[in-house]
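Accompanying notes for the structure given below.
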């Protein structure tokens, strides 16, 4: 119970959208406090990618969040990688007994494009609806760019005003930028609306561009009544995507093995459901592999060194420290020659000083040389001062 349905078939040919409209019958604090009712409602919601949830009656506006938290707790417990989000309308109604609508949807299936309560000032009559329709548009994730948005006009029709409210639904749709799916508890059967009344007084029923799903012979109620109150009205652009035979009530009493009393604790309506198979976006084929990077140009090996250079440490090893570059300029040669000349002068001067020092101190002895000979051989030239 509560197992989720696949968004995309294994072959990737289509994106499956399991949609529902469900009147939960006075969803409020009392119902949200019944663990078994919450568990079964969670299981119902998890069957679908999007549910139009109706008849939320709760002045505290907390009960619907209790339900949403329970849904997501169950999703998380199953290890799913998605969660459910919600669009929630303001409280609507002419009397103190007000209701809210909610679109509850999987975040990995659709994304909100726009939403809001219908503006009745766009109609020629004032105050047509007990609870104005709640409008929403969704983009379908993974669908082809050519696939239409999911546009909805959701409403819980006032039973005693069913002919009047449904009679004005065409005018509502005329204000929309695109054809939209009408869904909800339309009270469109039994004592509230007959086939004859729909034919004469509800233009949308006779409109060839719209198809009423859920046949008059179908029962969408849990109790002993046999009425097709809940309906989908599908515009022509969506018909190619409708899975044949998918628009049916979900008999949760049979699915969950509930007796009449337990089923009626959940709701007096069955959800209605359908499946749309949207074309999937084409996968982008992988392109050719990128070319390999060009090989670096080979460099000649460095000349062999006769010495072992020092090393500089780096994080992953050592690299040799750079050797000083040899002096190769012409100016360098001049410097070397000048240094040699200066060196010769210094040596000569030292010899002379040493000889003079030995001559005066009588402690310099070189066999067969006298002072004059030494000066002639090593002393300064006659030209120098």
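Throughout, read-outs are computed from the coordinates displayed, never taken from laboratory work. Being a predicted model, the structure only gives us computed values, none of them experimental. Because the Cβ atoms are built from the backbone with ideal geometry, glycine has one as well, and the counts that use them run over all protein chains shown.
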* Tell me, what is the FRET efficiency for residue 255 and residue 176 to the nearest 0.05, using R0 = 41 angstrom and their Cβ-Cβ distance as r? -> 0.75
* **region 46-162: equivalent-ellipsoid semi-axes (sqrt of 5 x gyration tensor eigenvalues, Cα, Å)** => 28, 20, 10
* To do: Please work out the FRET efficiency for the pair residue 124 and residue 72, using the Cβ-Cβ distance as r and a Förster radius of 35 Å; give the result to the nearest 0.05.
  => 0.20
* Along each of the three principal axes of the Cα atoms of region 84-231, give the extent in whole Å, ordering the values from largest to smallest. => 42, 34, 32
* Asked: When the chain is fully extended, how far beyond the present Cα-Cα distance does residue 30 get from residue 161, taking 0.36 nm per residue of separation?
  -> 44.3 nm
* **Exposure proxy order (Cβ contacts within 10 Å, fewest to most) of 264, 132** => 264, 132
* Structure fact -> Rounded to one decimal in nm, the spacing of the 7 Å Cα→Cβ label points at residue 239 and residue 209 is 1.3
* To do: Provide 161, 174 in ascending order of the number of other Cβ atoms located within 10 Å of each residue's Cβ, fewest first.
  => 174, 161
* Shape category assigned to region 33-114 from the gyration tensor of Cα positions, a/c cut at 1.5 -> oblate
* residue 61/residue 81 FRET efficiency (R0 35 Å; Cβ-Cβ; nearest 0.05) -> 0.75
* Can you sort 165, 120 by how many other beta carbons sit within 10 Å, fewest first? -> 120, 165
* Based on the alpha-carbon gyration tensor of region 185-248 and its eigenvalue square roots a ≥ b ≥ c, which shape applies: rounded if a/c is under 1.5, prolate if not and a/b is larger than b/c, or oblate? -> oblate
* To do: Starting from the Cα of residue 117, move 7 Å in the Cα-to-Cβ direction to define the label point; list residues of region 33-77 whose amide nitrogen is under 17 Å from there.
  => 53-62
* Asked: Measuring from centroid to centroid over Cα atoms, what is the spacing of region 137-214 and region 233-280 in Å?
  -> 16
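How far, in nm, would the chain grow between residue 281 and residue 139 when pulled straight, counting 0.36 nm per residue and subtracting the alpha carbon separation?
In short, 49.8 nm is gained.
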